[in-house]
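The values are calculated or read from the model by the stated rules, or taken from the named source; none is laboratory data. Bear in mind that the values here come from a model prediction, so they are computed numbers and not experimental data. Positions of Cβ are backbone-derived with ideal geometry, glycine not excepted, and every protein chain shown enters the neighbour counts. Side chains are part of the model used for accessible areas, which takes the heavy atoms of the whole protein and leaves out ligands, DNA and RNA. Shrake-Rupley method; radii C 1.70, N 1.55, O 1.52, S 1.80 Å.
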Amino acid sequence: MARILDISFCLLFCIVILPENTTSYRSSSRPNVRSDFPKDFKFGAATSAYQTEGGWDADGKGPSMWDVALHNNPSLVLDRSNGDVSGDSYHVFDKDLKIIKELGLDFYRFSISWPRLLPNGDISSLNQAGVKYYNMVIDKLLANNIEPLVTMLHFDIPDEIQKLGGATNPIFVDYFASYANLLYKLFGDRVKNWVTINEPRLFCVYSYGNGILVPNLNTSGVGDYLCGDHMLKAHAKAYKIYQDHYFQQFRGRVGIVLEAVGTYCRKGGSLSLNDRAMEYYLGWMAHPLLSNKGDYPEVMRKEIDENSKLEGRAWSRLPKLDQHWIDLMKGTCDFLGLNYYSSQYGVPLNRTDQFKPPSFEQDVGLQLFADPSWPAANSWLTSFPKGLRDILNWIKSQYGDIDIIITENGWADGGQLKDTERIEYLTKHLQEVLNAIHIDKCNVKGYTYWSLLDSFEWVSGFSERFGLYSVDIGSPTKERTPKESAIVYKNIIRNRKI
Ligand code: BGC
């Protein structure tokens, strides 16, 4: 996916020393002490519905906003492809099951396509073929001792709901809550680990803010905060429904997946995570759910209120949470799913253009770039494994010892079977997870490689491949072939050791 990060900028500025209140966290640099994983540590791999399922209109499925946008405007995607067929898991799930078993995964993270189950987004439109498909997937996983980790929403909002404004309309909260209720009712007897929403911050900023992702609305600095507000409320309601009506019977867990980008600034010559940036990038979603105090991070509240006033607005672009919602949101994660790909440096933005137009990026106020010495897969994905460990420590320092599952971490290339860089990325990141567990005592319970197989990479189409398995996208049978990284991951899982 194209994300904003300007590597060339670093050539000019990466040794800049920041004057602001930055230096916060950097985990110790003690050398790797152990290469073995705790006995209860679990390994998985992930996919998402729009990216892998295909069958976009099969058996009564309704369109998601991605289906409609890419059919109407193929040029939104680099290679003009879309997710109509992709790996075709809807028709050939047994091929996925085979490779999941081959890898020896403990769990498989996949998402449910909301419009496959509810073609118009509302529970009045239940599609039995969708129910049958997900029953089949769940039952086959369980029959093979593989736990399903199920995401309810991974970017693909039903088009009927998007027509109402999608996640910027407050009614989204109720649509999502009743969809979540249905999922518990249909699958809760077997699914014990639920993720409500994948990466709400990135989704809101990219879909409703800067317009990079569908529905490309460009409601920069306004729509993204409305979306974030509704995503948090939707998550909290879905959590509460589970606690009130299903937990007693099913004893499962409900969490959320947040993505974190280690954002570093230099101070006094040393590099450390910039607290303020971390509050924006991770705290925006994490603080209301995981902190003792609840609500949005204070720094966001103060700065976005001030910026909004300077822009001459009648109210703040960051919605206010009342006490009812603050209380409802607090503590609504039985575990935290953490997606980590990359880190970045930040230096203050040139403030002269600050308010034209307003945006999340302008509010953060940092120009971001990667260190040219970090291996780079593309413009946003660079390898800095220590960033993962630092973030795990930052989370521990802010929110305590909540169970953490790394729900995504992965490397993109052109899809070759000899994928040395992916192996390097995977093993180095796993070593940092081990360091975080053994040295820093971070409570990491599992790791998920993204992705199980090559799939539709949003606006990059099939030009970037993240899979452990290659998929012959052009062939009707969609054969899956292991890359070298699949063999390496399989051995790590078997030996529980790097
Ligand atoms: C998303 C995935 C995506 C991956 C790589 C994550 O932010 O959850 O859907 O494929 O990044 O871009």
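With both labels modelled 7 Å from their Cα along Cα-to-Cβ, the Gln416 to Asn32 distance reads 2.3 nm. Remark on segment 228-375: Rg and Dmax equal 17.7, 57 Å (Cα only).
For the chain, the residue among Asn495, Phe247, Ala49 whose Cα projects farthest onto the positive side of the dipole built from Cβ charges is Asn495.
The residues neighbouring Asp413, those whose beta-carbon lies less than 15 Å from its own, together hold a net charge of -3 under the Lys/Arg +1, Asp/Glu -1 convention.
Here's how it looks for Glu408: its modeled amide H is under 5 Å from those of Leu338, Asn339, Tyr340, Thr448, which are all 5 or more places away or on a different chain.
From largest to smallest, the equivalent ellipsoid semi-axes obtained for segment 406-467 from the alpha-carbon gyration tensor read 26, 13, 7 Å. Among the DSSP helices (H) of the chain, those spanning at least 20 angstrom by Cα along their long axis with an average Kyte-Doolittle hydropathy of -1.0 or more are 89-103, 128-143, 171-187, 223-241, 385-399, 420-438; this is a geometric and hydropathy rule only.
Label reach from Arg496 (point 7 Å along Cα→C-beta): in segment 443-463, amide nitrogens under 19 Å belong to 443-449.
Projected label points at Asn218 and Leu78, each 7 Å from Cα along the beta carbon direction, are separated by 2.2 nanometres. In this structure, the amide hydrogen of Asp88, modeled 1.01 Å from its nitrogen in the peptide plane, lies closer than 5 angstrom to those of Gly54, counting only residues at least 5 positions away or on a different chain.
Size descriptors for segment 308-373 (Cα atoms only): Rg and Dmax, in that order, 17.1, 48 Å.
The H on the amide N of Ala45, modeled in the peptide plane, is under 5 Å from the matching H of Phe107, Arg109, Tyr449, each at least 5 residues off or on a different chain.
Label-to-label distance for Ile171 and Leu310 is 3.7 nm, based on points extended 7 Å past Cα in the beta-carbon direction.
Simple rule: put +1 on each Lys or Arg Cβ and -1 on each Asp or Glu Cβ in the chain, find the dipole, and look at Gly446, Leu217, Ser463; the Cα lying farthest toward the positive end is Gly446.
Each helix, a run of at least 4 DSSP H residues, gives -39500 (n - 2.57); summed and divided by the residues of the chain, these come to -11000 deg cm²/dmol at 222 nm. For the chain, the ratio of Cα radius of gyration to the globular rule of thumb 2.2 N^0.38 Å stands at 0.91.
For the listed residue pairs Lys42/Lys185; Lys101/Lys163; Lys98/Lys386; Lys140/Lys483, the alpha carbons are over 31 angstrom apart in Lys101/Lys163; Lys98/Lys386. Other residues with beta-carbon under 11 Å from the beta-carbon of Asp36 carry, at +1 per Lys or Arg and -1 per Asp or Glu, a net charge of +4. Extension gain for Asp440-Glu102 works out to 118.4 nm (0.36 nm per residue, less the C-alpha to C-alpha distance). Taking packing as the residue-averaged number of other Cβ atoms within 10 angstrom, the listed peptides 374-380, 210-216, 458-464 run from highest to lowest as 210-216, 458-464, 374-380. Where both bridge residues fall in the chain, DSSP classifies roughly 30% of the beta bridges as antiparallel. Between Val131 and Asp401, full extension at 0.36 nm per residue minus the direct alpha carbon distance yields a gain of 93.6 nm. Here is the P(r) of segment 354-498: all C-alpha pair distances, binned every 10 Å from 0, give 10, 33, 33, 19, 5, 0 in whole percents. In a simple Cβ point-charge model (Lys, Arg +1; Asp, Glu -1; nothing else charged), segment 7-495 has a dipole of about 1080 debye relative to its Cα centre. Over all other residues within a Cβ to Cβ distance under 12 Å of Ile161, the charged ones net out to -4, with Lys and Arg as +1 and Asp and Glu as -1.
Per residue, the accessible area of segment 7-495 comes to 35 Å², computed with a 1.4 Å probe over protein heavy atoms only.
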